[in-house]
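A quick write-up on the structure given underneath.
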Amino acid sequence: MHTPSFAGYVDCLDRGDLRGIADLMLESALKLASIGADFLICPDNTIHSAFCLVEPNSPRPWLHIAAVVADEAVSLGFRRVGLTGTRWLVESSVYPELFTSRGLEVVRPSETERQEIHRIIMRELVAGVFLPSAVTFLQGVIQKMASHGCDSVALACTEIPLIINDQNSSLPTLDSTRLLARAALMRAVQGETPT
């Protein structure tokens with residue numbers, strides 16, 4: 001396990017510096033490859049926006065978090081998935097590209113909802129603050145997605161599953177972090193080729 005400072009990633013995200021994000025990811029990839037890693041994962045959905053700059057220069061293959069989530073959605077028969085995560089992620093093409101390639105539709109929250117979800121993640125959840133109002137807000141967003149025909153919701157953020165799960169969501173959840181961990185375990189144990 002290796003990661004540069006979270007603040008370094010946030011600085012790059014704030015500036016829209018995908019090359020900077022890719023450089024940080026590749027720094028970790030090179031270190032992990034040098035100590036024997038066979039393949040690589042990154043549980044941070046948002047920084048996958050730089051994946052196209054990382055993959056061609058990576059010393060090892062990666063499991064792509066959105067591909068893992070998309071594959072799980074397909075295997076469960078979902079067709080129209082709501083997307084929750086940071087503003088940076090939700091406004092990116094990370095999930096839409098991989099979901100569309102598998103015949104899935106993605107529904108994004110409204111601009112106002114994106115801003116509030118982003119605020120909840122970055123100001124509360126990352127800091128270990130879990131407020132009932134955040135749960136209520138996310139439940140409302142998910143309920144609205146259900147009313148717009150979504151059959152599931154991607155929790156495309158490491159922190160959202162700290163407050164939202166299948167027990168308190170009106171839609172079945174796709175926990176990206178948990179799904180990536182499971183896929184990595186299967187890859188490590190069975191030697192499957194990453195997608």
Which of these, L26, L185, L53, has the largest mean-square fluctuation under a Gaussian network model of the chain (Cα springs below 10 Å)?
L185
For R80, which sequence-distant residues (separation of 5 or more, or a different chain) have an amide H within less than 5 Å of its own amide H, given hydrogens modelled in the peptide plane?
E105, D151, S152
Return a whole-number percent for the relative contact order of the stretch 111-184, with Cα pairs under 8 Å and 6 or more residues apart as the contact set.
29
In a GNM of the chain with a 10 Å cut-off on Cα contacts, which of L24, L89, L180 has the highest mean-square fluctuation?
L24
Please report, as a whole percent, how much of the solvent-accessible surface of the stretch 50-136 comes from carbon and sulfur atoms (probe radius 1.4 Å).
53
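Report the extension gain between K31 and M1 in nm, rounded to one decimal, defined as 0.36 nm multiplied by the number of residues separating them, less their alpha carbon distance.
Values: separation 30, 0.36 × 30 = 10.80 nm, distance 0.94 nm.
So the extension gain works out to 9.9 nm.
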What FRET efficiency would be calculated for the residue pair H148, E55, taking the C-beta separation as r and a Förster radius of 41 Å, to the nearest 0.05?
0.80
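Could you grab the relative contact order for the chain? Cα pairs under 8 Å, six or more apart, rounded to a whole percent.
Averaging sequence separation for qualifying contacts and normalising by length gives 23 percent for the chain.
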Using modelled backbone amide H atoms (1.01 Å from N, in-plane), which distant-in-sequence or interchain residues come within less than 5 Å of L155's amide H?
L174, D175, S176
Run lengths n ≥ 4 of DSSP H only: what is the helix-derived mean residue ellipticity at 222 nm for the chain, with -39500 (n - 2.57) per run over all residues, to the nearest 500?
-14000 deg cm²/dmol
Total charge of the residues flanking P161 in space, meaning their Cβ is under 15 Å from its Cβ, with Lys and Arg +1 and Asp and Glu -1, is -4
Residues with beta-carbon under 12 Å from that of L30, excluding L30: net charge, scoring Lys, Arg +1 and Asp, Glu -1?
0
Can you give the accessible area of H148 in Å² (nearest 10), computed on protein heavy atoms with a 1.4 Å probe?
100
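At 1.4 Å probe radius, can you tell me the per residue accessible area of the stretch 1-134 in Å²? Write out the running numbers ahead of the final one.
Values: 6380 Å² over 134 residues.
In whole numbers, the stretch 1-134 has 48 Å² accessible per residue.
Ignoring ligands, DNA and RNA, how do F99, F6 rank by accessible area with a 1.4 Å probe, largest first? Spell out each step's value before the answer.
Values: F99 0, F6 100 Å².
Result of the area sort, largest leading: F6, F99.
Let me spell out the model: positive unit charges on the Cβ of Lys and Arg, negative unit charges on the Cβ of Asp and Glu, origin at the Cα centre of the stretch 5-55. What dipole size does that give, in debye rounded to 20? Please list the in-between numbers first.
On the way: 3 positive and 8 negative charges, 9 e Å.
So the dipole magnitude of the stretch 5-55 works out to roughly 40 debye.
The values are calculated or read from the model by the stated rules, or taken from the named source; none is laboratory data. Note that this is a predicted model, so its numbers are computed, not measured. A quick note on method: Cβ atoms are made from the backbone with ideal geometry, for glycine too, and the neighbour counts reach across all protein chains shown. Side chains included, ligands, DNA and RNA excluded: accessible areas come from the protein's heavy atoms. Shrake-Rupley method; radii C 1.70, N 1.55, O 1.52, S 1.80 Å.
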